[in-house]
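Colleague: Structure below; questions to follow.
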Amino acid sequence: MDNAQTARTRAVVKDYFAKFGAGDFEGAFGLFAPNGLYEFPGRSPMAGSHTIPEMAGMMSKVGPLLAGMKMELGHVLAEGNLAAVQATGKVTLPNGTVYNNSYHFAFEVEGDRILRLKEYMCTYHALEAMGPYLGG
């Protein structure tokens, strides 16, 4: 096991959540490798692999809705270039709807850049809460 890479992976993951939690989505996406991918498993309209420019476009729509989201990290496990994070997030949307979701994030880090991030969540709840803002 590469302890130095494990430490780098853990630092990159914590930096990602610090930037995301502060509403610095540009900074959070700046931690990705040029060929980085953000993935939502499943069959919802959000599902699939997205490039970082695609994610930035998506966040331009939902990012303002998530401002002030309280993201609480649970377990953060890292080994080598892989990390797994359990989290919960809660925010009240402008229409009064409470968005409260549970997450699992699986990171693959290369050096000090995120190569792949898989975000597991209840996409039904995400679409139900944010659909009115996305034209759905």
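The values are calculated or read from the model by the stated rules, or taken from the named source; none is laboratory data. Model, not experiment: these values are computed from the prediction. Note that we place each Cβ from the backbone using ideal geometry, even for glycine, and neighbour counts take in every protein chain shown.
Colleague: Here is a list: A126, A87, A106. Which entry is touching a His at 6+ places or on another chain (Cβ under 9 Å) and within 23 Å of F32 (Cβ to Cβ)? If you could, list the steps in order and put the result at the bottom.
Modeller: Values: A126 fails: touching a His at 6+ places or on another chain (Cβ under 9 Å); A106 fails: touching a His at 6+ places or on another chain (Cβ under 9 Å).
Matching residue, one of A126, A87, A106: A87.
Colleague: Is it true that L82 is crowded, with 17+ Cβ neighbours inside 10 Å and touching a residue at least 60 places away in the same chain (Cβ under 8 Å)? Full working, then the answer.
Modeller: Numbers: crowded, with 17+ Cβ neighbours inside 10 Å: no; touching a residue at least 60 places away in the same chain (Cβ under 8 Å): yes.
In short, no.
Colleague: Still on this structure: Considering only the range 11-26, state which residues are of a type outside the set (A, V, I, L, M, F, W, C), surrounded by 15 or more Cβ atoms within 10 Å (Cβ to Cβ) and at pLDDT below 90.
Modeller: Across the range 11-26, the qualifying residues are G21, G23.
Colleague: Search the range 27-42 for residues that are surrounded by 15 or more Cβ atoms within 10 Å (Cβ to Cβ) and pair each with any residue that is polar (S, T, N, Q) when their beta-carbon atoms are under 7 Å apart and the residues are at least 6 apart or on different chains.
Modeller: Pairs that qualify, where the first residue is surrounded by 15 or more Cβ atoms within 10 Å (Cβ to Cβ) and the partner is polar (S, T, N, Q), are L37/S49; L37/T51; E39/S49; F40/T123.
Colleague: If you scan the range 43-57, which residues turn out to be surrounded by 15 or more Cβ atoms within 10 Å (Cβ to Cβ) and in a strand (DSSP E or B)? Break it down into steps so the answer makes sense when it comes.
Modeller: First, pick out the residues of the range 43-57 that are surrounded by 15 or more Cβ atoms within 10 Å (Cβ to Cβ): 46, 50, 52, 55-56.
Within the range 43-57, just H50 meets the criteria.
Colleague: Filter the range 58-92 for residues that are closer than 29 Å to G111 by Cα and among the hydroxyl-bearing types (S, T, Y); which is modelled with the highest pLDDT?
Modeller: Applying the filter and picking the extreme gives T88.
Colleague: On the basis of being among the aliphatic types (A, V, I, L, M), touching a strand residue (DSSP E or B) at 6+ places or on another chain (Cβ under 8 Å), more than 24 Å from D112 (Cβ to Cβ) and surrounded by 14 or more Cβ atoms within 10 Å (Cβ to Cβ), does V91 make the cut?
Modeller: Details: among the aliphatic types (A, V, I, L, M): yes; touching a strand residue (DSSP E or B) at 6+ places or on another chain (Cβ under 8 Å): yes; more than 24 Å from D112 (Cβ to Cβ): yes; surrounded by 14 or more Cβ atoms within 10 Å (Cβ to Cβ): yes.
Answer is yes for this residue.
So that you can scan it fast, the table gives a plain yes or no per residue for (1) among the hydrophobic types (A, V, I, L, M, F, W, C); (2) within 25 Å of Q5 (Cβ to Cβ); (3) part of a helix (DSSP H, G or I):
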| site | (1), (2), (3) |
| --- | --- |
| G36 | no, yes, no |
| M59 | yes, no, yes |
| E72 | no, no, no |
| N100 | no, no, no |
| A129 | yes, no, yes |
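Colleague: Residues of the range 103-127 being assigned to a helix (DSSP H, G or I) and small (G, A, S), which ones? Spell out how you get there, then give the answer.
Modeller: Our first condition is that a residue be assigned to a helix (DSSP H, G or I); within the range 103-127, this holds for 123-127.
A126, the sole residue that qualifies.
Colleague: Which one of these is more than 15 Å from the chain's Cα centre (by Cα) and either within 16 Å of G42 (Cβ to Cβ) or modelled with pLDDT of 85 or more (or both): N101, N95? Give the steps one after another, and end with the answer.
Modeller: Working: N101 fails: more than 15 Å from the chain's Cα centre (by Cα).
Every option except N95 fails the conditions.
Colleague: Further question: Which of the numbered conditions does E26 fail, given that it passes all the others? Conditions: (1) under 19 Å from E108 (Cβ atoms); (2) assigned to a helix (DSSP H, G or I).
Modeller: All conditions are met except number (1).
Condition check ((1) of a type in the set (D, E); (2) more than 17 Å from F17 (Cα to Cα); (3) touching a helix residue (DSSP H, G or I) at 6+ places or on another chain (Cβ under 9 Å)) across all residues:
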residue: E39; (1), (2), (3): yes, no, no
residue: S49; (1), (2), (3): no, yes, no
residue: K70; (1), (2), (3): no, no, yes
residue: V76; (1), (2), (3): no, no, yes
residue: G89; (1), (2), (3): no, no, yes
residue: V98; (1), (2), (3): no, yes, yes
